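Student: Here it is: the structure, laid out below.
Coordinate-derived values only; no laboratory data. None of these values were measured; they are calculated from a predicted model. Cβ coordinates were reconstructed from backbone atoms using ideal geometry, including for glycine residues, and neighbour counts include every protein chain displayed.
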Amino acid sequence: MNNTYSIKDIIKLLLNHIRLIVFFSILGAIAGYCISKYAIPLKYSSHITMYVQSYTSISENTDNINNISNSKQLVNTYIEVLKDEAVMEAVSNQLLDQFDINTIAENFSINPEGRISPASIRSCLTITSVSDTSAINVTATAKNAEVASYICNALTKVAPQYMEEAVGVGSINTIGTAKTNYGPVSPNKSKNTMAGGAVGFMLIVSIIFIIDFFDNTIKDPDTLKEKYKKAIIGEIQQLDENGTKKRKHSEESEYFKLTDKNVPFCIVENYKSIRTNLSFALSTNENKIFAVSSSKLGDGKSITSANIAIAMAQSGSKVLLIDADMRKTNQHKIFNLKNKKGLSTAISKMDPLHKCIQKNVMANLDVMTAGPIPPNPSELLASEQMASILDELSIQYSVIIIDTPPVNIVTDAMELAKNVSGIVMVVRYGFTTDEDLKTASKRIELAQMNMLGFILNGIKPQKNNSYYSRYRYGSKYYYKKGYENSYDHGYYGKKPEMNLKHTS
């Protein structure tokens, strides 16, 4: 949840949603135009000017200030008389004599007695005084042009009688009659179109700010580092088609690896940077074994583990990648390996250790798949046999990377606390929530496990292809029920002629 916004934050937020803002603004403008053209009935207007004359001339009154004040009061009094219920009733009688009932019903409200509601006539009238004069402007607006002009003329006919009865001072005159204007004055299509666009703009901007205000997902690496006092080991951009339409995800999609020929240079550099930072983080530890996990499903920890292993192997280090996520095995799918033997059979001594490791999957990289799914993964990882296996393998390999299940789902990763130098948490930008990370951090702390830092995954590059873009995100996810059978998958976007899947 973002409680404060700077000008920079506001501009960045709006720019990140500029397409959506433009779309809704145009949609609002189109809606305003269509409502004006098809929904709002045409209205016509007519006007006439009435002149108030006082029986007391200016020359008879030496106090000009009082004379002006009296004139204004008289004009205001006449305006109130013109709006009186009795005057409206008199205008109503003339309208009923002049027009048929269908025309009347089209323009006014009819009461049960078949009379025109005075309020509906009053709503058609706009009566104002002209500044610094004794003139009164009367404007009538109705759905029928002839009705509008007749209202003005009827009002001028009945007004003098009621003025004399109500005020008894001065007189009111008109010059000519109100003309019938057949050009509609309403709706104003241009004005309504602009108003619709403005409403669409304000609506979508309000929605964007409301969503962003209550959005508690991780989006700022600096805030993440400051809040948890842990290093940001690396940031991985989302692999997409540079703004083109993404292909639909499918279960048959190939898994993304650094060695795939269409992988962008920036993604390769992201992992090289992670490799360097991890080397520094592990430099003070004799044990070069570390786990990679996440707080929840779909953060991308399996594919991240695989590509970190590839990056380290490319530097010349002898690397072993162990798939310890025995509830849902992924590494054999990523590297297209068999999974009949693996970690589960090695711990249970069903197969010799050396036969459970698939050698030279890539140069300097061996992989131990998870093996058949056991009924007790947590117990196997916590066993003395697991510790013995890691001790033996640490002599043979420069670095051992263990892909473990999400921390908030099961305790498997915590069972390895005594056997590893630390754990790297994969956080997906715009997907992992602050609550998820708080829970995971507490569990890691309770297990007395060393957290090496965070890898921020799935950052969408800006249109200007800036190298370290942090603030946009566009990945989508598929979810499956049943943790024991499968994990949910978080996917990268796809490159042309290449299907890529990002696993949890």
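Student: Once you have a ≥ b ≥ c as the square roots of the Cα gyration tensor eigenvalues for the range 336-399, tell me rounded if a/c is under 1.5, and otherwise prolate or oblate according to whether a/b is larger than b/c. Walk me through the intermediate numbers first.
Tutor: Values: a/c = 2.14, a/b = 1.26, b/c = 1.70.
Oblate, since a/c reaches 1.5 and b/c is not below a/b.
Student: Using the Karplus curve 6.51 cos²θ - 1.76 cosθ + 1.60 with θ = phi - 60°, work out ³J(HN,Hα) for each residue of the range 415-420 in order, rounded to whole Hz, and write x for Gly and Pro.
Tutor: 5, 9, 3, 7, 9, 10
Student: Further question on the same structure: Provide, for the range 97-236, the number of lysine pairs with alpha carbons under 17 Å apart, each pair being eight or more places apart or on different chains.
Tutor: Details: 143/179; 143/189; 157/179; 219/227; 219/229; 219/230.
For the range 97-236, qualifying lysine pairs total 6.
Student: Could you calculate the contour length gain from residue 89 to residue 439, that is, 0.36 nm times the residue separation minus the distance between their Cα atoms, to one decimal place in nm?
Tutor: On the way: separation 350, 0.36 × 350 = 126.00 nm, distance 7.44 nm.
Contour length minus Cα-Cα distance gives 118.6 nm.
Student: Step through the residues of the range 189-195 one at a time and calculate ³J(HN,Hα) from phi using the Karplus curve (6.51 cos²θ - 1.76 cosθ + 1.60, θ = phi - 60°), rounding each to whole Hz and writing x for Gly and Pro.
Tutor: 4, 5, 5, 5, 5, 5, 5
Student: I would also like to ask the following. Taking neighbour Cβ counts within 10 Å as the exposure measure, how do 23, 256 sort from fewest upward? Present the calculation step by step, with values, prior to reporting the outcome.
Tutor: On the way: 23 13, 256 25.
The fewest-first ordering by Cβ neighbours comes to 23, 256.
Student: Tell me, 446, 14, 390, 381 in order of fewest to most beta-carbon neighbours within 10 Å?
Tutor: Values: 446 10, 14 14, 390 19, 381 26.
The fewest-first ordering by Cβ neighbours comes to 446, 14, 390, 381.
Student: Separate question: Cα centroid distance between the range 390-461 and the range 284-333, in Å?
Tutor: What the calculation gives is 10 Å, centre to centre.
Student: Can you tell me the relative contact order of the range 293-342? Whole percent, Cα pairs under 8 Å, sequence separation 6 or more. Please report the intermediate quantities before stating the final value.
Tutor: Working: 22 pairs, mean separation 14.1, N = 50.
Value for the range 293-342: 28 percent.
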